[in-house]
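What follows is a short report on a single structure.
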């Protein structure tokens, strides 16, 4: 079992082969289960409250740098390229690739083997892809805000039991 983390809350659960990059954050009630396969979270990415990330022996879950994963999302055996965003409540399944700068809207379902091209917006159940519909500045701003939040929480808050 390998667990290497940078910033995570005491209430987050990381199991197995999980790597969290520099200045990334894992928030309360998130579960990252690398017990059957590898999970890699790049630098300056956020895994928000209640998210579940799982991997299998032939389908790792890879999250790039400066990615934002919204509350209650479920990622399993997929790849998020740099500066992509998965909205709250979304499900992203096996062998999916979310391209750099792409956005998966809240509550969307991205079925197995779907390719969301860079800069696209994916909405609905199952997703419909709108080329060039994403807003890269929104993703970058969100990623920076979560890096700042993690620093602020780490430096200024204390746990109350």
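Laboratory data are not the source of any read-out in this text; all were calculated from the coordinates shown. Bear in mind the structure is a predicted one, so any value in this text is a computation, not a measurement. Cβ placement follows ideal geometry from the backbone for every residue including glycine, while neighbour counts extend to all protein chains displayed.
Look at residue 12 and say whether it is closer than 22 Å to residue 146 by Cα, surrounded by fewer than 17 Cβ atoms within 10 Å (Cβ to Cβ) and without any contact (Cβ under 8 Å) to a residue 60 or more places away in the chain. So residue 12 does not fit the description; no.
Residues that are in contact (Cβ under 8 Å) with a residue 40 or more places away in the chain and out of contact with any helix residue (DSSP H, G or I) (no Cβ under 8 Å at 6 or more places or on another chain) within the range 28-45 comprise 37, 42, listed in sequence order.
Of all residues in the range 142-152, exactly one satisfies the criterion of being exposed (fewer than 13 other Cβ atoms within 10 Å of the Cβ) and in contact with a strand residue (DSSP E or B) (Cβ under 9 Å, 6 or more places away or on another chain), namely 145.
Looking at the range 27-124, the strands (runs of 3 or more DSSP E) lying wholly inside it that each contain 2 or more residues that are farther than 28 Å from residue 154 by Cα and touching a strand residue (DSSP E or B) at 6+ places or on another chain (Cβ under 8 Å) sit at 31-41, 121-123. When residues in the range 128-141 are screened for being over 18 Å from the mean Cα position of the chain (by Cα), surrounded by 14 or more Cβ atoms within 10 Å (Cβ to Cβ) and assigned to a loop (DSSP other than H, G, I, E, B), 1 of them pass.
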